[in-house]
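Contents: one structure, followed by commentary.
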Amino acid sequence: MIQKKISTAVIKRLPKYYRYLGDLLEKDVVRISSKELSNRMGVTASQIRQDLNNFGGFGQQGYGYNVEYLYNAIGKILGLENKYNTIIVGAGNLGQALANYTNFDKRGFEVKGLFDVNPRLIGITVRGIEIKDLDEMGSFIKENSIDLAILTLPKQKAPKVANDLVSYGIKGIWNFAPIDLKLSNKNVIIENVHLLDSLMTLSYNIKERI
């Protein structure tokens, strides 16, 4: 793989390639051209070639791409050959829904623990995982070598919990709280997810077509 700075836009497209290639594998498709992949994904063939060339290129002229090889290669680029011990902080409706999403395990993100401050939730089991009090989070992270945390908290609580997670040695945070979290520790990666932003974008596009 060529060691170079990859743009955020390219990185954000890689999971889409991975998903579409996975669908092709399930349909027993052996090879595909950039043009055929373009028609399926809604990304230009030129863009596909440029994106993949950032990592050395995987196609052969006159043949296209070997689907299984490219799928596995992109999985490695995304780090999916690694296993990430994960916790969910905030065990309300969204937190429990994420805990029940079995595809996390298939992609190497194994949910090991659930935490909340609500006494009505503590002790409840979700997919075999008991919801624990937030006060137990620090020791749990250290004892279970937790890598990642998923936050589904109110925005008022998220910054403090995020800083606590950093102090406990977490490597990455997937943040669903309605706030852009920023940490002074640049070694911890944050991915802020705003579900309402996506919904409002949908609203705008619907409005424009009326």
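Sequence-ordered 3J(HN,Hα) estimates for the range 84-95 from the Karplus curve with 6.51, -1.76 and 1.60 and θ = phi - 60° stand at 10, 6, 10, 10, 10, 10, x, 9, x, 4, 5, x Hz, glycine and proline given as x. Peptides 190-203, 141-154, 41-54 ranked from most to least packed by the mean count of surrounding Cβ atoms within 10 Å: 141-154, 41-54, 190-203. How big is the range 92-201 by the Kirkwood estimate over distinct Cα pairs, in Å? Final number for the Kirkwood radius of the range 92-201 is 14.6 Å. Out of the range 1-105, which GluC sites (Glu not before Pro) are coil in DSSP terms and have no more than 15 other C-beta atoms within 10 Å? The qualifying sites are 81. Calculated mean residue ellipticity, 222 nm, the chain: -12500 deg cm²/dmol, from DSSP H runs (n ≥ 4) at -39500 (n - 2.57) each, averaged per residue and rounded to 500. In the full protein context, the range 138-194 carries 56 Å² of accessible surface per residue, based on a 1.4 Å probe and ignoring ligands, DNA and RNA. This structure gives Kirkwood radius over Cα pairs in Å, computed directly, and of (1) 16.4; (2) 19.4; (3) 17.4 that value is listed as (2).
Looking at the chain, the DSSP beta bridges with both ends there are about 20 percent antiparallel. How much net charge surrounds residue 9 when only the other residues with a Cβ under 14 Å from the Cβ of residue 9 are counted, with Lys and Arg +1 and Asp and Glu -1? That works out to +3.
Would you mind checking 160/182; 16/171; 83/155; 16/106; 5/186; 132/186 for any pair whose Cα atoms are more than 20 angstrom apart? 16/171; 83/155; 132/186, as the Cα separations exceed 20 Å there.
What angle, in degrees between 0 and 90 and rounded to the nearest 10, separates the Cα long axis of helix 67-77 from the longest principal axis of the Cα atoms of the chain? Helix 67-77 and the main axis of the chain meet at about 40 degrees. Kirkwood-type hydrodynamic radius, the range 78-143: 12.2 Å, calculated from all non-identical alpha-carbon pairs. Between the Cα long axis of helix 195-209 and the first principal axis of the chain there is an angle of about 50°, rounded to the nearest 10.
Sparsely packed loop sites in the range 1-87 (the chymotrypsin sites (Phe, Trp or Tyr not before Pro) outside DSSP H, G, I, E and B with at most 10 other Cβ atoms within 10 Å) comprise 63. How much of the calculated P(r) for the range 140-190 lies past 15 Å, in percent of all Cα pairs? Tail of the P(r) past 15 Å holds 37 percent of the pairs. Per-atom-type breakdown for the range 38-165 gives carbon and sulfur 45% of the accessible area (1.4 Å probe, protein chains only). Accessible surface for the range 1-103, divided over its residues, is 59 Å² per residue with a 1.4 Å probe. At the residue level, residue 13 shows approximately 60 square angstrom of accessible surface with a 1.4 angstrom probe and all protein chains present.
The values are calculated or read from the model by the stated rules, or taken from the named source; none is laboratory data. Computed from a predicted structure; not experimentally measured. As a convention, Cβ positions derive from the backbone with ideal geometry for all residues, glycine included, and neighbour counts pool all protein chains shown. The accessibility values were calculated without ligands, DNA or RNA, using every heavy atom of the protein model including side chains. Shrake-Rupley method; radii C 1.70, N 1.55, O 1.52, S 1.80 Å.
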